[in-house]
Amino acid sequence: MQKVYGSATAALDGLLFDGMTIAAGGFGLCGIPENLILAIRESGVKDLTVASNNCGVDDFGLGILLRSRQIRKMISSYVGENAEFMRQYLSGELELEFNPQGTLAERMRAGGCGIPGFYTRTGVGTVIAENKEHKDFDGETYILERAIVTDLAIVKGWKADDTGNLVFRKTARNFNPPAAMCGRVCVAEVEEIVPRGSLDPDHIHLPGIYVHRLIEDHHEKRIEQRTVRSA
């Protein structure tokens, strides 16, 4: 099965449609699939539901899909650093499903593992627990969280071989593995595609069975908040 494509646009060909669900890797601007996001914007697809830790910033990452009004709903943990996200949410233009960060990661992982739901104590007694099933285990109350399975997953890796085995670099690993797992189809962009067999099996973070399409591209790697010492 040929997995390597020449561009983000080519890798997404035939996968995008209005109203679809997308899981996106990344944390802030770290490890985001920036080229795939740009290709989604250029496609004009709309009414998207996106599951991601956050929504980038106003002019980069998933934030560009907010600005172009292509996202209808976000499933997220954090909405800071993005004024347009806040404005659309407060004005009722954007639907938002808040998730505790660990819960969101586990919902994605569970979806990739074929687990339909799980019980957690996180969120009990808060608005997170509203309209969710409650169950007691060993004298403690838990709430049922449903797994996330999306039409498409887009992720950013450091290295890959042509079979889709992925290696992530340090903190850029973040939400990328669980996001990749929960997509019915996963498209990954990486900085380098290396020869098959050159990756140490013990260093592979995500097996190629989860990755269906793959591109090699250049990345801006923008720093979200640059902090330096005074001169």
Lys pairs in the stretch 112-231 with Cα under 20 Å (8 or more apart in sequence, or on separate chains) total 5
What angle do you read, to the nearest 10 degrees and between 0 and 90, between the alpha-carbon axis of helix 101-113 and the longest principal axis of the chain? 60
Roughly how many whole Å is it from the C-alpha centroid of the stretch 93-124 to that of the stretch 4-36? 21
In Å², what does the accessible area per residue of the stretch 1-78 work out to with a 1.4 Å probe? 38
Relative contact order of the chain, pairs being alpha-carbon contacts under 8 Å that are 6 or more residues apart, as %: 23
Rg/Rh over Cα atoms for the chain, Kirkwood Rh, comes to 0.99
Compute the acute angle (0 to 90°) between the alpha-carbon long axis of helix 34-43 and the principal axis of greatest extent of the alpha-carbon atoms of the chain; round to the nearest 10°. 80
Percent antiparallel among DSSP beta bridges with both residues in the chain, to the nearest 5? 30
Cleavage-rule hits (GluC sites (Glu not before Pro)) in the stretch 68-137: DSSP loop, at most 14 neighbouring Cβ within 10 angstrom: Glu93, Glu130, Glu133
For Glu95, put the label point 7 Å out on the Cα→Cβ axis and report which residues of the stretch 65-85 keep their amide N under 16 Å from it. 70-76
Please give the Cα centre distance for the stretch 192-214 versus the stretch 51-72, rounded to the nearest Å. 28
Between Arg196 and Ile115, what's the calculated FRET efficiency when r is the beta-carbon distance and R0 is 35 Å? Round to 0.05. 0.65
Calculated from DSSP helices alone, with each H run of at least 4 adding -39500 (n - 2.57) and the total divided by the residues of the chain, [θ]222 nm to the nearest 500 comes to -5500 deg cm²/dmol
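Can you tell me the accessible area per residue over the stretch 104-231, all protein chains present, probe 1.4 angstrom, in square angstrom?
That works out to 57 Å² for each residue.
The values are calculated or read from the model by the stated rules, or taken from the named source; none is laboratory data. Everything numeric here is computed off the predicted structure, so don't read it as measured data. As a convention, Cβ positions derive from the backbone with ideal geometry for all residues, glycine included, and neighbour counts pool all protein chains shown. Surface areas here come from the heavy atoms of the whole protein model, side chains and all, with no ligands, DNA or RNA. Shrake-Rupley method; radii C 1.70, N 1.55, O 1.52, S 1.80 Å.
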